[in-house]
Amino acid sequence: MPTAPGYADVSIELVHGSMSRPAFITFGVDPVDTDPVLVAASVISAIGGSGTLQGMLDTTLTIRSVRVSLGVDGAEDLKAVTAISLPGLKTGSMLPPNSALLLHKRTARGGRRGRGRMYLPWSIQVTETDEAGVIAAATVTAQQAKATAFLSALGSNTVPMVVLHEPGQTATGPPNPVTSLLVDARVGTQRRRLGR
């Protein structure tokens, strides 16, 4: 499905040494640049560093690429894949990838179209959760600070995050700017992320 004109769909590829297939983090942005290579470069600038996305992820994984699909009015999306090699910076033994840190995307728009989710695998240590999947308060606080810094860094690098919309039963409207990323205090699960 084509991306809304002027907006971009971003996929960040994560490769873990213990898994045969990569995982992806996806979100939309409202870039200033009209070249997908430049948009990818801006995203890469926002994710690097111990206080942002890179600092939320396990040291045994690598952020291997950033893929950008930039919407163009009346034409196919412009696409670019930029290869990188950024290791995660969080140490410890992490939960398997089907148990992830869940980030809630919030916007000023109400209803289902005004929110979204993003899952971060390999970002919660085994010792940071209890048997009910509740994450330790100190971990939530630390990861929340980095999630907030990541969202801010995207804005500072001229690629502010948005919630992109797909056709449905209600009017889509333009993509909505994400005003906050909220860390869920309970582990999020994605059954398909656990390889066979």
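Ordering Gln54, Val72, Ala83 by the projection of their Cα atoms onto the charge dipole of the chain, which places +1 on the Cβ of Lys and Arg and -1 on the Cβ of Asp and Glu, puts Gln54 at the extreme positive end.
Under a model in which nothing but the beta-carbon of Lys, Arg (+1) and Asp, Glu (-1) is charged, the chain shows a dipole of about 520 debye around its Cα centre. Note that the stretch 122-130 has calculated 3J(HN,Hα) couplings of 6, 9, 10, 5, 4, 7, 9, 10, 9 Hz, one per residue in order, obtained from phi through the Karplus relation 6.51 cos²θ - 1.76 cosθ + 1.60 (θ = phi - 60°); glycine and proline are x.
Picking from Ala136, Ser93, Val126, whose Cα lies most toward the positive end of the charge dipole for the stretch 26-160 (charges on Cβ: Lys, Arg +1; Asp, Glu -1)? Positive-most Cα among the choices belongs to Ala136.
Comparing Pro174, Ser18, Ser152 along the charge dipole axis of the chain, the residue lying farthest to the positive side is Ser18, per the Cβ-charge model. For the stretch 47-138, a crude dipole built from +1 on the beta carbon of Lys and Arg and -1 on the beta carbon of Asp and Glu, taken about the Cα centre, is about 420 debye to the nearest 20.
Between Val37 and Thr91, the FRET efficiency estimated from the beta carbon spacing at R0 = 35 angstrom works out to 0.60. Taking the C-alpha atoms only, the angle from helix 36-47 to the longest principal axis of the chain is near 30 degrees. Under 5 Å from the amide H of Ser65 lie the amide H atoms of Glu13, Ile84, each residue being 5 or more positions distant or on a separate chain, with H modelled from the backbone and absent for Pro and chain starts.
Rounded to the nearest 10 degrees, the angle from helix 137-156 to the longest Cα principal axis of the chain is 20 degrees.
Here, each number is a calculation from the coordinates, and none is a lab measurement. All values derive from a computational prediction rather than experimental measurement. So basically every Cβ, Gly included, is an ideal-geometry build from the backbone, and we count neighbours across all protein chains shown.
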